[in-house]
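Notes for the one structure printed next.
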Amino acid sequence: MTGPVPWETAWQDALYGADGFYRGSAGPAGHFTTASHGPLGAVLAEALLTLAERHGLTRVVDVGAGRGELLSAMARAETDGRALLGVDVVERPVGLDVRIDWLEAPGGAALPDALRDLDGTLVVANEWLDVVPCPIAEVGDDGTLRTVLVDPATGEERLADPLGDADATWAATWWPPPDGGRRPGDRIEVGRTRDVAWADLLARLGSGIAVAIDYGHRRADRPRDGTLMAYRTGTPLPAGEALADADRNRRSTDLTAHVAVDSLAHDRLVRQRDALDELGVTGGHPPRALAGTEPRAYLDALQRASAIGELRRAGGLGDFWWVVVERFG
Ligand SMILES: C[S@@+](CC[C@H](N)C(=O)[O-])C[C@H]1O[C@@H](n2cnc3c(N)ncnc32)[C@H](O)[C@@H]1O
């Protein structure tokens, strides 16, 4: 890719191009930890299975499944024979539990055609939408929101034309000027691409529940500078600089921006800690007496309590949003 291109294009290529970050063999878990991994994943799996059970859902689909970590935790906990399907941009991971089916996706906003007719299904997308690329816009000296171009080879940015009609309408509706108006240099991420990707996923759901879980903001608390950020081996870096380096050193750098959760179609928006409360995943220290009588069970219960604490933590995963859509009869 040569010369300046819209951020959305450079971002899509950096993550999902032939040498894209998410095509690497390490998978997301080789670079960072999410709520799907390890002891946290066991608790999240338990919570989501409870949700599926409460609504009589017989299938779970994980969109942006990484290498199947959350579904593997579900397979270990599952007793009702629910069908499990993972969707991600790579081939079926080697050694994945035979009870889990797999579909390969194009990546970003694009989903595979074979993902359809989802009935009686719980669809989960943990940290998918924040890696669906979107246009970046910045207020120019003339006060107009303009598309930001970036040169992948150098990371240099420049402002181009004013946003097109659909993006400008999205910005006016969902990311309106803050008190005192927009200032030159203010940035926004146009979440329309996420809205469209989510709507496409929902269009495939005949009956059941869809839950997108992600970090995000609502209209009243949008940041002034946007949130586009790069991460390399867990270290945050300015996106342009990281992109230029990633262009030389492929598969090294993640690019992500928080999700405008309220512009996504939803029936409910719930903080993760509240969602876990509703599902009865509330934690608490195990009784100390258990340590003497059943030390193994005590250690397991301690690990579970600590994972629940992490998933509920204010300023951390507890602040994540569950964007919930319910489709019944
Ligand atoms: C931040 S990682 C989260 C992985 C996993 N859900 C977790 O919680 O650890 C985002 C994942 O979404 C995947 N992804 C991106 N676009 C996708 C698409 N259109 N369909 C399926 N997976 C996608 C990426 O390849 C990556 O594995």
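Can you work out which of the residues in region 292-307 that are without any contact (Cβ under 8 Å) to a residue 12 or more places away in the chain and among the small types (Gly, Ala, Ser) is nearest to residue 42 (Cα to Cα)?
297
Has region 50-63 got any residue that is touching a helix residue (DSSP H, G or I) at 6+ places or on another chain (Cβ under 7 Å), more than 20 Å from residue 322 (Cα to Cα) and charged (D, E, K, R)?
no
Give just the number: which of (1) part of a helix (DSSP H, G or I); (2) within 9 Å of the ligand (Cβ to nearest atom) does residue 45 not satisfy?
(2)
Which residues, counting only those in region 176-218, are within 30 Å of residue 115 (Cβ to Cβ), open to solvent by 60 Å² or more (accessible area, probe 1.4 Å) and among the charged types (D, E, K, R)?
If the condition is that a residue be within 30 Å of residue 115 (Cβ to Cβ), open to solvent by 60 Å² or more (accessible area, probe 1.4 Å) and among the charged types (D, E, K, R), then 192, 218 are the ones that fit.
Given the options 66, 86, name the one that is modelled with pLDDT of 95 or more and in a loop (DSSP other than H, G, I, E, B).
So the residue among 66, 86 that is modelled with pLDDT of 95 or more and in a loop (DSSP other than H, G, I, E, B) is 66.
Looking at (1) away from the ligand (no atom under 14 Å from the Cβ); (2) in the same structural domain as residue 240 (by TED's automatic domain parsing), can you tell me which one residue 19 breaks?
Every condition holds for residue 19 apart from (1).
So, in region 22-42, of the ones that are near the ligand (Cβ under 10 Å from one of its atoms) and of a type in the set (Gly, Ala, Ser), which residue ends up nearest to residue 321 (Cα to Cα)?
35
Give region 63-93 a look and list any residue that's within 16 Å of the ligand (Cβ to nearest atom) and among the aliphatic types (A, V, I, L, M), or say none.
63, 65, 70, 71, 73, 74, 75, 84, 85, 87, 89, 90
Which of the residues spanning region 236-249 are within 29 Å of residue 62 (Cα to Cα) and open to solvent by 70 Å² or more (accessible area, probe 1.4 Å)?
Listed by number, the list holds a single entry, 236.
Scan region 297-310 and tell me whether some residue there is loosely packed, with under 13 Cβ neighbours inside 10 Å and either in a loop (DSSP other than H, G, I, E, B) or of a type in the set (Val, Ile, Thr) (or both).
Within region 297-310, none of the residues are loosely packed, with under 13 Cβ neighbours inside 10 Å and either in a loop (DSSP other than H, G, I, E, B) or of a type in the set (Val, Ile, Thr) (or both).
I'd like the full set of residues that are farther than 14 Å from residue 83 by Cα, open to solvent by less than 50 Å² (accessible area, probe 1.4 Å) and either within 8 Å of the ligand (Cβ to nearest atom) or out of contact with any strand residue (DSSP E or B) (no Cβ under 7 Å at 6 or more places or on another chain) (or both), limited to region 48-62.
Within region 48-62, just 50 meets the criteria.
Would you check if residue 20 is open to solvent by less than 50 Å² (accessible area, probe 1.4 Å) and free of Cβ contacts under 8 Å to residues at least 40 places away in the same chain?
no
Hey, can you tell me all the residues within region 245-265 that are out of contact with any Leu (no Cβ under 9 Å at 6 or more places or on another chain), over 12 Å from residue 129 (Cβ atoms) and either in a helix (DSSP H, G or I) or at pLDDT 80 or above (or both)?
Passing the criteria: 247, 248, 252.
Any residue in region 67-75 that is acidic (Asp, Glu), within 17 Å of the chain's Cα centre (by Cα) and either under 30 Å from residue 151 (Cα atoms) or in the same structural domain as residue 148 (by TED's automatic domain parsing) (or both)?
For region 67-75, residues acidic (Asp, Glu), within 17 Å of the chain's Cα centre (by Cα) and either under 30 Å from residue 151 (Cα atoms) or in the same structural domain as residue 148 (by TED's automatic domain parsing) (or both): absent.
For region 72-122, which residues satisfy the criterion of being of a type in the set (Val, Ile, Thr), without any contact (Cβ under 8 Å) to a residue 60 or more places away in the chain and surrounded by 15 or more Cβ atoms within 10 Å (Cβ to Cβ)?
Answer for region 72-122, where residues must be of a type in the set (Val, Ile, Thr), without any contact (Cβ under 8 Å) to a residue 60 or more places away in the chain and surrounded by 15 or more Cβ atoms within 10 Å (Cβ to Cβ): 87, 100.
Going by the conditions given, is residue 131 among the aliphatic types (A, V, I, L, M), more than 30 Å from residue 161 (Cα to Cα), within 16 Å of the ligand (Cβ to nearest atom) and open to solvent by less than 50 Å² (accessible area, probe 1.4 Å)?
Criteria not met by residue 131.
Is it the case, given these coordinates, that residue 192 is more than 16 Å from the chain's Cα centre (by Cα) and of a type outside the set (Val, Ile, Thr)?
No; evaluated as a whole, the condition is false for this residue.
The values are calculated or read from the model by the stated rules, or taken from the named source; none is laboratory data. This structure is a prediction, so every number in the text was calculated from the model and none was measured. Neighbour counts run over all protein chains shown; Cβ positions are idealised from the backbone, glycine included. For accessibility, only protein heavy atoms count, side chains too; no ligands or nucleic acids. Shrake-Rupley method; radii C 1.70, N 1.55, O 1.52, S 1.80 Å.
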